[in-house]
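Following: one structure in structure tokens, then a few remarks.
The values are calculated or read from the model by the stated rules, or taken from the named source; none is laboratory data. Keep in mind the model is a prediction, meaning the values are calculated, not measured. Reconstructed Cβ throughout: ideal geometry from the backbone, glycine too, with neighbour counts over all protein chains shown.
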Amino acid sequence: MNSRIHLSLAHMGGQEQKFIQEAFDTNWVVPMGPNVDAFERELAEFLSGDVYVAALSAGTAALHLALIITGVEAGDEVLCQSFTFSASANPIVYQGATPVFIDSEKDTWNMSPEHLERAIKDRLSKGKKPKAIIPVHLYGMPVKMDEIREISVKYGIPVVEDAAEALGSKYKNRHCGTFGEMAVLSFNGNKIITTSGGGALVSRNEEYTVKSRFLATQARDAAPHYQHTHIGYNYRMSNVVAGIGRGQMLVLPERIEQRRANNRFYREQLKEIDGISFQTEPSIDYFSNYWLTSILIDPEKTNGKTREDLYSALNGLNIESRPLWKPMHLQPVFKDHPFYGDGTSESLFKNGLCLPSGTGLTVNDLQRVADAAKFTL
Ligand SMILES: *Cc1c(COP(=O)(O)O)cnc(C)c1O
């Protein structure tokens, strides 16, 4: 039996343990310290320097704090891309607010500006002004950011950008994670770089990152006796795992290039196959880190072979793949929430598959995947 090929695994660069050792040697084994500070600085520099970063325990925690800082409260509505991982929407519900789901458009597979504006008009006509917009750069592909921001400005609704999958992606030569009033990053184990688990809140407004650190460390007021005027959270990043992050920052540019090379390899190998199309940068304005290479299968052009057939065939060959995210408006837990769309994300979900995309894959591994796809379709 061939060895298992995984979808996306953690990939250490080699320097991580040096930074962890430093944390141990100096006894900074706490959720703050020199690695946390340096990791925040290095992320801000990577994102081109005009932003502030707060390192947190998870991307989900970052999103939760971003919504709190935006002022999302019980009974409010928040506009959220439907085609995403559940962590984009869950924090809305943590706040007792209601997600209003927005469908995707066909170019980027991300939030449709048209459906977004339609939703805003409709919610306003029902007497409710949504409190925030959460677009998601899915699989690393930048959202149509100009259009979304224009709507955000027109209606005065702030954008909280979910850039969890898009570290290193750019739109019009500007980093994803620097467009919204706030943005979130994730360093979960399967992301382009990892701290085993972790996340960050990013903003051009330093006040927001300061506030997020305050809320993330139990909201302690400046008093020796632990006084509290806010409800706090335990969401700060540990100085030990921040050491992993610092090691990973050293290889981030290489990791982006490797993910993009995986994507080029699959495109080249599969270009002759009728019925396969790729999630693709719509123009030179878009630069995706291609975190996961994602394809659509059109059964009308593959003699009836479906996404399910390819998924099963790969699985039988010990190759892990994954259907595209099931849209939130189709999830049982969110089924009663409003949705504005036209079936685009539902159709992506029905026909789409993520191929193994880790940066630890060898050319041999990639060839095995491509050969299996060619054989099956
Ligand atoms: C991974 C991910 C998150 C959550 O990040 P965690 O660090 O796992 O909490 C949020 N949104 C999207 C789109 C993600 O892929």
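A few notes on this one:
- Matching option when the condition is near the ligand (Cβ under 9 Å from one of its atoms), within 16 Å of Cys80 (Cβ to Cβ), surrounded by 20 or more Cβ atoms within 10 Å (Cβ to Cβ) and modelled with pLDDT of 95 or more, among Glu165, Glu161: Glu165
- Among the residues examined, Ile120 does not qualify as buried (at least 19 other Cβ atoms within 10 Å of the Cβ) and within 16 Å of the ligand (Cβ to nearest atom).
- Of all residues making up the range 181-195, the number that are of a type outside the set (A, V, I, L, M, F, W, C), touching a helix residue (DSSP H, G or I) at 6+ places or on another chain (Cβ under 9 Å) and more than 7 Å from the ligand (Cβ to nearest atom): 3
- Answer from Ile284, Ile295, Ile256 - the residue that is part of a helix (DSSP H, G or I) and of a type in the set (A, V, I, L, M, F, W, C): Ile256
- Residue check, Ala119 part of a loop (DSSP other than H, G, I, E, B) and in contact (Cβ under 8 Å) with a residue 40 or more places away in the chain: no
- Checked against the criterion of being of a type in the set (Gly, Ala, Ser), touching an Asp or Glu at 6+ places or on another chain (Cβ under 6 Å), more than 9 Å from the ligand (Cβ to nearest atom) and at negative phi, the range 196-208 contains not a single residue that satisfies it.
- Filter result (within 12 Å of the ligand (Cβ to nearest atom) and surrounded by fewer than 22 Cβ atoms within 10 Å (Cβ to Cβ)) within the range 88-115: Asn90
- Some residue of the range 114-128 being under 22 Å from Thr178 (Cβ atoms), more than 19 Å from the chain's Cα centre (by Cα) and not assigned by TED's automatic domain parsing to the domain that holds Ser347: yes
- Of everything in the range 41-71 that is away from the ligand (no atom under 16 Å from the Cβ) and touching a helix residue (DSSP H, G or I) at 6+ places or on another chain (Cβ under 8 Å), the residue that is nearest to Pro253 (Cα to Cα) is Phe46.
- Contacts under 6 angstrom Cβ, first residue in the range 148-165 being of a type in the set (Val, Ile, Thr), partner part of a strand (DSSP E or B), 6 or more apart: Ile157/Ile133; Val159/Ile133; Val160/Ala132; Val160/Ile134; Val160/Met182
- Just one of (1) farther than 30 Å from Gly33 by Cα; (2) surrounded by 24 or more Cβ atoms within 10 Å (Cβ to Cβ); (3) of a type in the set (A, V, I, L, M, F, W, C) fails for Phe85. It is (2).
- Annotation note: of Val333, Val369, the sole residue that is part of a helix (DSSP H, G or I) and crowded, with 19+ Cβ neighbours inside 10 Å is Val369.
- Of the residues making up the range 298-327, those that are in a loop (DSSP other than H, G, I, E, B) and either of a type in the set (A, V, I, L, M, F, W, C) or crowded, with 21+ Cβ neighbours inside 10 Å (or both) are Leu317, Ser321, Leu324, Trp325, Pro327.
- Within the set Ser8, Ser48, Ser57, the sole residue that is in the same structural domain as Val210 (by TED's automatic domain parsing), modelled with pLDDT of 95 or more and not aliphatic (A, V, I, L, M) turns out to be Ser57.
- Flag for Ala74 being within 16 Å of the ligand (Cβ to nearest atom), in the same structural domain as Gly180 (by TED's automatic domain parsing) and either part of a helix (DSSP H, G or I) or free of Cβ contacts under 8 Å to residues at least 24 places away in the same chain (or both): no
- Of all the residues in the range 206-248, those that are among the hydrophobic types (A, V, I, L, M, F, W, C) and either outside the structural domain of Gly140 (by TED's automatic domain parsing) or in a loop (DSSP other than H, G, I, E, B) (or both) number 5.
- Qualifying residues in the range 209-232 (those that are of a type outside the set (A, V, I, L, M, F, W, C) and touching a strand residue (DSSP E or B) at 6+ places or on another chain (Cβ under 8 Å)) - the one nearest to the ligand (Cβ to nearest atom): Ser212
- Selection within the range 35-71 - under 18 Å from Ser169 (Cβ atoms) and part of a strand (DSSP E or B): Val53
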